[in-house]
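The structure appears right after this line, and notes come after that.
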Amino acid sequence: MSQRAETVVIGLGNLLMGDEGVGIRIIRKLAEQEEQSPDTEFVEAGAAGMGIVHALAGRKKAVIIDCARMGERPGAMLRFAPRDVASRKAQSAYSLHEGDILQAIELSARLGECPASVVIFGVEPVDLGPGDRLSPALNARLDSYVRRVARELAPRSARLTPPVCIVAGDGAVSECGH
Amino acid sequence: MGQTLNIDVHHITRVEGHGNIVARARDGKVQKVEWQAPEAPRFFEAMVRGRRWDEIQPIVSRICGICSVSHSLVAIKALENAMGIEVSEQTDKLRLLLDCGEQLESHVLHVGYLVAPDLLGVKSVIPLVASHPSEVKTIVAAHRVGNAIMEVIGGRMTHPVSAVPGGFARLPTEQQLRDLKKQIEETVPRLEAIAGVVLSVAGKLPAFDRPTEYIALVEPKTYTFYHGKIGSTDTRELVDVHNFESVANEYVSPQSTAKWTKWHRDSYAVGALARFNLNAAHLRPLAAQTAKTFGLKPDCCNPYMNSVAQVVESAQVVEHALQLIDELLTRGIKPEPVKVTPKAGNGAAAVEAPRGILFHRYVFDKAGICERANICIPTGQNHANIQKDFEALVPAMMDRGQDYVRQALEMLVRSYDPCISCSTHYLDVQFV
């Protein structure tokens, strides 16, 4: 495999399914300021499913941004590691079309290709129905989501990284352990 | 006393949901057999109405994460058909190459990640990494090359951005094509290894034949995925893609919220086996040899063999991709500015998505605003056929017991790899 950027930032989701597209909207804004994140590749992965395995390979760090039902208040953003969560999805295993980023990460790990550090930023949705806009609750917080992930990507000396970050329901950013 | 079955594989639906399997029998008599399929993403047809011509492909490419190239290419072709746009030979070859990438990526993924675990007796590909490490690495490597083709030619790993109406917004460099060629050449022995693995367990594919009508694109002297007319194994008639509605004959089934289709029979099948049955005479050498190794011949009516046809087609597209790259490099990649003048028109097109023939139609006004769309996806076309397979399979296999029948029904659905939940992939997690 050719030389790849040390860090990959992967945005997941569908822009046409309401809040499902929040990961794509965040990564597009991050990519606009990519000069602030050296040796970093931004991958808009949409609904690529197991294709994520290839985006993870050959990196030191992966930052994944996705819409996530986590039982939090709508609009909350949490930072967590794959080992911190278990999927509640009912997977029929009938079809390749059932994407699950956690499965892709597990396969990558078992293949010995997974970056040493994988960080997931999940955003609790309000509306996952058809529509090309975020719900007002998430749209109002979009810039704060971008700032939070950008801090994750900043050079180590410039960032403060708690294990979990919550963008509070009122739009303010607060941080706490989990 | 005959066999009693009570199979109810029900999956909680999210936005679109999964399919459900119901099979009930009492004292050897079948009472109910149903494939309950949810709605396909029809809302995309509503979503594109009122949109500009150049917004259509970016929208419909998000119908599916696995088949986004196919949805992009068929939408572009339908638009070009509506507006009378001709494309260059270079554009045609690049689109064919892009399609080869998606076919390879999807087929290897399906065979390696969904079918192989069935045949090797595990739940998913994950445990296979420990039990069959070299095989899984081979599958992942081949899958990666399909992905690389899509990334280089389409401009992104999925939901391509380079292919646009009239041509390509961004062209690959000749060096990128040379690099791709090297990767694809390295895939040939990997495919032979994958075929060997599938062959070693192919005896576990259920022996089940049901006379079936198969539908696919047909083009003279070509194993086509992209050009041609609509052909059937039931008739020599070839139908122009502009009349695809007269083939699909969509109707509403009470057991499903998705539209079903039929042509000369109560149902028809699309996909790799359909293409093989209609076009096997035009396979390239490695693909033809692969089919021969499996004993796969045209007129095969065992739906489980769709996975074997996918292995054959993987070889086919690899050979075709190498030829396309050679032709592109010989001619040299030339800049070709893309200019589209929108005009009113009604256009339709078809391509072979990995799961089967895919139709799009768009009607535009003189400003190029979309007034109407009709999208007929392969999974929708296969629903009725899955039902008919179920109806034949359950009585034929029920003596082998509930667990066997359930596994056979689930494997059957997997062999079609229906697109039933792919426009949203959000996480649903609890903290542990």
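The values are calculated or read from the model by the stated rules, or taken from the named source; none is laboratory data. Computed from a predicted model, the values in this text were never measured in an experiment. Reconstructed Cβ throughout: ideal geometry from the backbone, glycine too, with neighbour counts over all protein chains shown. Just the protein is used for accessible areas: all its heavy atoms, side chains included, with ligands, DNA and RNA removed. Shrake-Rupley method; radii C 1.70, N 1.55, O 1.52, S 1.80 Å.
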When the charge dipole of the protein assembly as shown is computed with +1 on Lys and Arg Cβ and -1 on Asp and Glu Cβ about the Cα centre, the Cα farthest towards its positive end, among A:M70, B:L238, B:C419, belongs to A:M70
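Quick one: length gained pulling A:E41 to A:L142 fully straight, 0.36 nm per residue minus the C-alpha distance? Mind dumping the intermediate values first?
Working: separation 101, 0.36 × 101 = 36.36 nm, distance 2.07 nm.
The A:E41-A:L142 span can extend by a further 34.3 nm.
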Taking a straight Cα-to-Cα line shorter than 23 Å from B:K339, and setting aside same-chain lysines fewer than 8 residues away, one finds B:K77, B:K93, B:K366
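Using only atoms on other chains, find how many Cβ atoms lie within 10 Å of each Cβ of peptide A:101-113 and report the average. Write out the running numbers ahead of the final one.
Values: counts 4, 3, 4, 0, 0, 4, 8, 1, 2, 8, 5, 3, 2.
What the average comes to for A:101-113 is 3.
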What one gets for the stretch B:291-432 as the Kirkwood radius, inverse of mean 1/r over different Cα pairs in Å, is 19.9
B:T173 and B:N346 label points (each 7 Å along its Cα→Cβ direction) are spaced in nm at 4.7
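If R0 is 22 Å, what FRET efficiency do you get for B:K292 and B:K137 from their C-beta distance, rounded to 0.05?
According to the calculation, E is roughly 0.25.
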Counting only protein heavy atoms and rolling a 1.4 Å probe, one gets per residue an accessible area for the protein assembly as shown in Å² of 37
Per-residue accessible area, 1.4 Å probe, largest first, puts B:S246, B:S307 in the order B:S246, B:S307
Each label sits 7 Å from Cα toward the beta-carbon; between A:S117 and A:D84 the label points are separated, in nm, by 1.4
Heavy-atom accessible area of chain B with neighbours in place, 1.4 angstrom probe: carbon+sulfur share in percent works out to 51
Here the averaged projected area of the stretch B:48-147, based on the convex hull of its alpha-carbon atoms and given in nm², is 8.0
For the stretch A:15-124, the Cα-Cα pair-distance distribution in 5 Å bins from 0, as whole percents, is 2, 11, 20, 25, 23, 13, 5, 1, 0
For A:K29, the aspartates and glutamates lying under 12 Å Cα to Cα, once residues fewer than eight places off in the same chain are dropped, come out as A:E44, A:D143
Once phi for every residue in the stretch B:352-357 is put through the Karplus expression 6.51 cos²θ - 1.76 cosθ + 1.60 (θ = phi - 60°), the whole-Hz ³J(HN,Hα) values, with Gly and Pro written as x, are 8, 6, x, 8, x, 5
Of B:E213, B:E135, ordered by accessible area with the largest first and a 1.4 Å probe, the sequence is B:E135, B:E213
Site B:D54, offset 7 angstrom along Cα→Cβ, radius 15 Å on amide nitrogen, limited to the stretch B:150-177, gives B:161-170
Cα pairs beyond 20 Å in the stretch B:69-217, in percent, come to 57
Unit-weight point scatterers at every alpha-carbon of the protein assembly as shown, Debye formula, q = 0.09, 0.11 1/Å: log10 I(q)/I(0) is -0.69, -1.06
Accessible-area loss of at least 40 Å² (1.4 Å probe, chain alone to full protein assembly) applies in the stretch A:38-59 to A:E44, A:A47, A:A48, A:M50, A:H54
Using eta = 1.567 mPa s and T = 4 °C, Stokes-Einstein with Kirkwood Rh from Cα pairs puts D for chain B, in µm² s⁻¹, at 58
Interface buried area B-A, accessible surface with 1.4 Å probe, both sides summed, nearest 100 Å², comes to 5200
Of the accessible area of the stretch A:1-82, computed with a 1.4 Å probe and all protein chains kept, carbon and sulfur make up a percent value of 42
